[in-house]
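Each remark here refers to the structure printed beneath this line.
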Amino acid sequence: MQDGTEKTADATGMRELFDRLNMGALQMDTSARITYANSFASELLHRPRGEIEGRSFREVFPASVARRFYREMDRAAARGTAASFEANCPAPENIWLSFRCVPSAEGSIVFFEDITELKNARDDLTRTKQELEHRVQERTKNLRRTSRMLEEQKELLVTIIDNIPVMLVFFDSSGAVRLVNKAFERLAGWSMGEARHMNLMAAMFPDTVYRKEVWEFMMKARPGWKDLELTTRTGKILQSSWANVFLSDGSQIGIGIDISERIQMEKELIRLASAIEQADEGVVIFNHLWRIVYVDPAFEVLSDLGKQELIGRSISDLTDFFPNESYQETIGRAEKEGKKWTGRRTRKKASGDIIEVDLAVSPVYDEQGRIINFILLARDVTDEVRLQHQLLQIQKMEAIGNLAGGIAQNLKNAFTPILIDTEVLMQDVGEQNPSYPILEEMLQATYQGIDLVRNLLIFGRRTLPAKVPMDLVPTFREAVNFLRASLPSTIEIRRAVEVKSARVLADPVQIKQLLINLGSNAGSSMQKTGGVMEVRLARDVLDEESALRISPDLTPGRYVRIQVLDTGMGMDEETLKHIFEPFFTTKEKREGRGLGLPVVQGLVKDFGGAVTVESEPGKGTTFTVLLPEL
């Protein structure tokens, strides 16, 4: 009983050991049926253990491998030794496997591993060896003919080795340096004589841990290159890449290239990529088929799409930037004509904001002049466009103001004698005269004309009252009370004063007129339907960016903010473009002359402030007046 327990424990321990191996391990009974397969065997055969254990060798491996296995096992049994062989396993991945079969009391243990790379390397080395042997034979024949030819060939080989633009280091089978070429001497600093009589590996790789890693790489001599940091004779670090080739006699050739320039270029590319990532401009790179291969964070913001959503898409998918197949024009310009295409697009972001985007698409050429990529630059010019419109509006309003001021001045000169003559004539004829009512009507019309002239002069800034330091709060309350008394009861007026004091440089009378004009305008929009008008007085602090966004004339600082909000019919974009123009009105002809808002703008501008308006049809209107606070 104890012997059975010990055997079970031994078997369990052996299988635990097998599971740690980096090669396949199979236990087979005397009938060649697999009783155990380790995890690595399952991985190599691409089968779960359940499909391996319990089956015979020929049921698990291809027929060609199974025949070879049984043949080698028979030979080994006859010799009384372990069996070793290599076989090609065409399925599932056409790999070469190395088998070692060890007899045991219970049957046999089979170890096997993937030697495809080793097999290929051996085949390469075999071919190399055969080729070298063939050359040696040919060389020997030539040597027999003449020693001079040998010297010529030797000189040619030395010339090639010394002039080839790569570093070459020849190690013998013991690892000793036998030859280094001129390129190695120039880059690393050691001559052939010095390299042959020193521990070159220790000098090039002084760190023992790193040197061990390099030596292991050399001993494997696998195909491919490895980047290494080599310490030169002067102590500088040389960025290099190395490959190693074993020769048939056990010697080794190390082939190294200087990659310092490549590393420097990679660093510059990283810096360039970092700069692009931090830029405000959106950058998109297309391949030659107009598929996106790169986008920067700025374009992600502009497009409301993430990088993963954009990579791989076609230019035709960017409908927000190239609507109605307009990308065809871009492709024609950049690809067929090889010229830069530019344009401007308006798009609505997911947040609801409307932005203006300038686009530029250019081809990218390689050294042979072939187009390899296309690059799209996208820049949000919303603020620039808005400032341009503001400047145009300011220039237009100044021109209109000058015109209105000139007309008003002439009208004032014309109305003055009419007013005086009408008043004198009324006194002469008396109230009982039948002509008196007509004269009285003329007098009222003259007063209305003079009032119109006064507003035009204010708008044109031809005549403005003196400004004095004043507190807006009392005037604000007085104006709101006046609006309550004058507007219909169907309009609810709400007042919000968020400051105790708000001192500005202005004229109290004109401030009251400004508030009444804005309130009357809001009341007119709700006259038929009723609604809510909210009048607010608060304080704002504007930085340079905020001030510039509102108006080019504003400077950073503290401002008193007056807002008049209504729930009226609102205005469309076209109407908003003209509301500050004199004589423009949306009211009926007898309800207004279209000077209320132009006067407001003229006063605010004279006070050193700015007035803005926000409105949408059916959503009401908000006027905001900002005046510099003392």
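For this structure, a couple of remarks:
Residue-by-condition table, conditions (1) of a type outside the set (A, V, I, L, M, F, W, C); (2) open to solvent by less than 80 Å² (accessible area, probe 1.4 Å):
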position: 12; (1), (2): yes, yes
position: 27; (1), (2): yes, yes
position: 54; (1), (2): yes, yes
position: 66; (1), (2): no, yes
position: 79; (1), (2): yes, no
position: 82; (1), (2): no, yes
position: 93; (1), (2): yes, no
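- Any chance residue 477 is in a loop (DSSP other than H, G, I, E, B) and either open to solvent by 70 Å² or more (accessible area, probe 1.4 Å) or at pLDDT 80 or above (or both): no
- Residue 103 passes every criterion in (1) open to solvent by 30 Å² or more (accessible area, probe 1.4 Å); (2) part of a strand (DSSP E or B); (3) at pLDDT 85 or above; (4) not β-branched (Val, Ile, Thr) apart from (3).
- Selection of region 367-381 for residues being outside any strand (DSSP E or B) and hydrophobic (A, V, I, L, M, F, W, C) yields only 381.
- Among residues of region 480-503 being within 21 Å of residue 567 (Cα to Cα) and polar (S, T, N, Q), the one that is modelled with the lowest pLDDT is 486.
- Residue in region 129-147 that is modelled with pLDDT under 85, closer than 29 Å to residue 202 by Cα and open to solvent by 60 Å² or more (accessible area, probe 1.4 Å) present: no
- For first residues located in region 373-392 and at pLDDT below 60, partners that are small (Gly, Ala, Ser) and crowded, with 16+ Cβ neighbours inside 10 Å and lie 6+ apart or on another chain with Cβ distances below 8 Å form the pairs 390/551.
- No other residue among 195, 202 is among the small types (Gly, Ala, Ser) and closer than 23 Å to residue 165 by Cβ apart from 195.
This table checks each residue for (1) polar (S, T, N, Q); (2) open to solvent by less than 90 Å² (accessible area, probe 1.4 Å).
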{"residue": "221", "(1), (2)": "no, yes"}
{"residue": "234", "(1), (2)": "yes, no"}
{"residue": "243", "(1), (2)": "no, yes"}
{"residue": "249", "(1), (2)": "no, no"}
{"residue": "267", "(1), (2)": "no, no"}
{"residue": "281", "(1), (2)": "no, yes"}
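- Verdict on residue 334 being under 17 Å from residue 291 (Cα atoms), touching a Pro at 6+ places or on another chain (Cβ under 7 Å) and surrounded by 14 or more Cβ atoms within 10 Å (Cβ to Cβ): yes
- With respect to the stated conditions, residue 364 is within 21 Å of residue 281 (Cβ to Cβ), of a type in the set (A, V, I, L, M), more than 18 Å from the chain's Cα centre (by Cα) and part of a strand (DSSP E or B).
- Residue within region 341-360 that is part of a helix (DSSP H, G or I) and modelled with pLDDT of 75 or more present: no
- Complete set of residues in region 283-313 that are open to solvent by 20 Å² or more (accessible area, probe 1.4 Å) and under 15 Å from residue 373 (Cα atoms): 285, 287, 288, 289, 291, 293, 294, 311, 312, 313
- Helices (runs of 4 or more DSSP H) fully within region 234-335 that include at least 1 residues being within 17 Å of residue 362 (Cα to Cα) and either at pLDDT below 80 or among the small types (Gly, Ala, Ser) (or both): 260-278, 327-331.
- Search result, residues across region 494-526 that are crowded, with 18+ Cβ neighbours inside 10 Å and in a loop (DSSP other than H, G, I, E, B): 502, 507, 526
- If you go through region 532-569 and keep only what is open to solvent by 20 Å² or more (accessible area, probe 1.4 Å) and small (Gly, Ala, Ser), you end up with 546, 557.
- Close contacts from region 188-200, counting a first residue that is on the phi > 0 side of the Ramachandran plot and in contact (Cβ under 8 Å) with a residue 12 or more places away in the chain and a second that is exposed (fewer than 15 other Cβ atoms within 10 Å of the Cβ) and not hydroxyl-bearing (Ser, Thr, Tyr), with Cβ to Cβ under 6 Å and a gap of 6+ residues or different chains, come to 189/233.
- Look at (1) under 20 Å from the mean Cα position of the chain (by Cα); (2) exposed (fewer than 14 other Cβ atoms within 10 Å of the Cβ) and you find that residue 352 fails only one, number (1).
- So residue 159, is it open to solvent by less than 60 Å² (accessible area, probe 1.4 Å), of a type in the set (Ser, Thr, Tyr) and assigned to a helix (DSSP H, G or I): no
- Leading residue by the ranking (nearest to residue 90 (Cα to Cα)) among those in region 18-49 that are small (Gly, Ala, Ser) and touching a Ser or Thr at 6+ places or on another chain (Cβ under 9 Å): 24
- Selection from region 223-232 of residues that are part of a strand (DSSP E or B) and either of a type in the set (Ser, Thr, Tyr) or open to solvent by less than 50 Å² (accessible area, probe 1.4 Å) (or both): 228, 230, 231
The values are calculated or read from the model by the stated rules, or taken from the named source; none is laboratory data. Just so it is clear, the model here is predicted, and its values are computed rather than measured. Glycine gets a Cβ as well: all are built from the backbone with ideal geometry, and neighbour counts include every protein chain shown. Just the protein is used for accessible areas: all its heavy atoms, side chains included, with ligands, DNA and RNA removed. Shrake-Rupley method; radii C 1.70, N 1.55, O 1.52, S 1.80 Å.
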